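Read the structure below first, then the notes.
The values are calculated or read from the model by the stated rules, or taken from the named source; none is laboratory data. Here the structure is a predicted model, which means the values were calculated and not measured. Neighbour counts run over all protein chains shown; Cβ positions are idealised from the backbone, glycine included. Ligands, DNA and RNA are excluded from the accessible area calculation, which covers all protein heavy atoms including side chains. Shrake-Rupley method; radii C 1.70, N 1.55, O 1.52, S 1.80 Å.
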Amino acid sequence: MRNIFLGFFLLFSLSSSCQTNSGTSVKNIQMDSEKILIVYLSRTKNTKAVAEMIQQKVGGDLVELELEKPYPENYQAIVAQVARENETGFLPPLKTKVDILKYNTIFLGFPTWGMQLPPPMKSFLHENDLSGKTVIPFNTNAGYGVGSSLNTVKALCPKSQILEGFSTKGGIERDGVFFVMEGEREIEVNKEVENWLKKIGMMDQDSI
């Protein structure tokens, strides 16, 4: 009788173990097969650097937004042009085209321009329907924050699940400070990105 009981106990234990492992495997397969897009706009390459940090940690496709007619190189000229576009609501045509149906999770990376979401990112959100998708914003700025950018993302993605965004200080082009994501600053921001991704559930807490 004791041997029969022990046999049933071992059989139950093995069955429970198999169910747990099976559930974990299915979850991992779902995570591995999830399609991630990291689309970004970057003038001084700081937002690009953050986009690359994200890709290193979660995978996915990395796409830079490009305009059919690029902005001028001169800082004052681009400031004036962007101000006119924001005032008139003009959406600059994009050279970049994305098959958005391939993706479930969309990271949106952008600098803060004039305390607003840059017009090219507005163009992207008008051209692509992100309904039903998970949208995750990330931002670099000159130290003044995101302005109204996140509110604009929410307004243009009313049927998306929008997770907590990330923002960090990048260059200050007005003062001649351009790319800053190197050396100690790169290490610091990389850690900030990792902590943020863990917080929003895009990385396991015990990931290194």
- Item | Of all residues making up region 147-166, the number that are without any contact (Cβ under 8 Å) to a residue 60 or more places away in the chain and either in a helix (DSSP H, G or I) or under 12 Å from the mean Cα position of the chain (by Cα) (or both) | 12
- Spot the failing condition for residue 129; the list is (1) under 21 Å from residue 176 (Cα atoms); (2) open to solvent by 20 Å² or more (accessible area, probe 1.4 Å); (3) not aliphatic (A, V, I, L, M), and only one is missed. (1)
- Working only within region 167-187, note down all residues that are part of a helix (DSSP H, G or I), at pLDDT 95 or above and exposed (fewer than 13 other Cβ atoms within 10 Å of the Cβ). 183, 184, 187
- State all residues of region 133-154 that are under 16 Å from residue 108 (Cβ atoms) and open to solvent by 70 Å² or more (accessible area, probe 1.4 Å); if no residue qualifies, say none. 151, 154
- Please find, within region 188-208, the residue that is most open to solvent (accessible area, probe 1.4 Å) out of those that are of a type in the set (Val, Ile, Thr) and assigned to a loop (DSSP other than H, G, I, E, B). 208
- Query: Hey, residue 70 hits all of (1) at pLDDT 95 or above; (2) within 17 Å of the chain's Cα centre (by Cα); (3) open to solvent by 70 Å² or more (accessible area, probe 1.4 Å) but one; which does it fall short on?
  - Reply: (2)
- Query: Quick check: anything in region 17-38 of a type outside the set (Gly, Ala, Ser), modelled with pLDDT of 95 or more, surrounded by 12 or more Cβ atoms within 10 Å (Cβ to Cβ) and assigned to a helix (DSSP H, G or I)?
  - Reply: no
- Task: Keeping to region 126-136, report how many residues are free of Cβ contacts under 8 Å to residues at least 60 places away in the same chain, over 10 Å from residue 156 (Cβ atoms) and β-branched (Val, Ile, Thr).
- Result: 1
- Message: Looking at region 45-57 only, could you name the residues that are open to solvent by 30 Å² or more (accessible area, probe 1.4 Å) and either under 20 Å from residue 85 (Cα atoms) or assigned to a helix (DSSP H, G or I) (or both)?
- Response: 48, 52, 55, 56, 57
- Query: Where residues in region 106-146 are over 14 Å from the mean Cα position of the chain (by Cα) and among the hydroxyl-bearing types (Ser, Thr, Tyr), which of them is nearest to residue 65 (Cα to Cα)?
  - Reply: 123
- Number of positions in region 66-91 that are out of contact with any Ser or Thr (no Cβ under 6 Å at 6 or more places or on another chain) and assigned to a loop (DSSP other than H, G, I, E, B): 9
- Residue list for region 98-114, filter: open to solvent by 60 Å² or more (accessible area, probe 1.4 Å) and either in contact (Cβ under 8 Å) with a residue 12 or more places away in the chain or assigned to a helix (DSSP H, G or I) (or both): 101, 102, 104, 114
- Message: Please determine whether any residue of region 115-125 is assigned to a strand (DSSP E or B), in contact with a strand residue (DSSP E or B) (Cβ under 9 Å, 6 or more places away or on another chain), in contact (Cβ under 8 Å) with a residue 12 or more places away in the chain and at negative phi.
- Response: no
